C-alpha cells in the first residue's frame with residue numbers, strides 16, 4: 001500500500017452530488033475519484049508550469065523566434081490547409 005494522507009476539500013453541493021452520482025455509476029468510491037482527479041490535475045498543471053519555466057529560460061537566453069517569422073509560418077500553414085481542402 002502506498003503512503004497517503006487526508007485532505008479536506010470544500011465542494012459545492014452540486015459537485016458533491018455529481019461526484020456521488022459518478023461514484024455510483026462507476027462502482028468507485030468518491031474518495032478514489034477525487035484522489036484520481038486531483039492527481040491528474042496536479043500532473044497537468046505541473047507540466048504547464050514546467051513548460052512555461054523552460055520558455056522563460058529560453059527567452060532569457062535569447063533562444064527565441066522573431067514574431068514576424070512565426071506569423072509568416074502560421075500564414076503558410078493556414079494557406080496550405082486551405083489549399084488542401
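FYI, it's all coordinate maths here, none of it is from the lab. Owing to the predicted nature of the structure, the values given are computational and were not obtained by experimental measurement. Cβ placement follows ideal geometry from the backbone for every residue including glycine, while neighbour counts extend to all protein chains displayed.
What the table shows:
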item	result
Condition met for residue 34 (assigned to a helix (DSSP H, G or I), surrounded by 10 or more Cβ atoms within 10 Å (Cβ to Cβ) and in contact with a helix residue (DSSP H, G or I) (Cβ under 6 Å, 6 or more places away or on another chain))	no
From the options 72, 28, 18, residue that is surrounded by 10 or more Cβ atoms within 10 Å (Cβ to Cβ) and outside any helix (DSSP H, G or I)	28
Search result, residues across segment 53-68 that are loosely packed, with under 10 Cβ neighbours inside 10 Å and assigned to a helix (DSSP H, G or I)	60, 67, 68
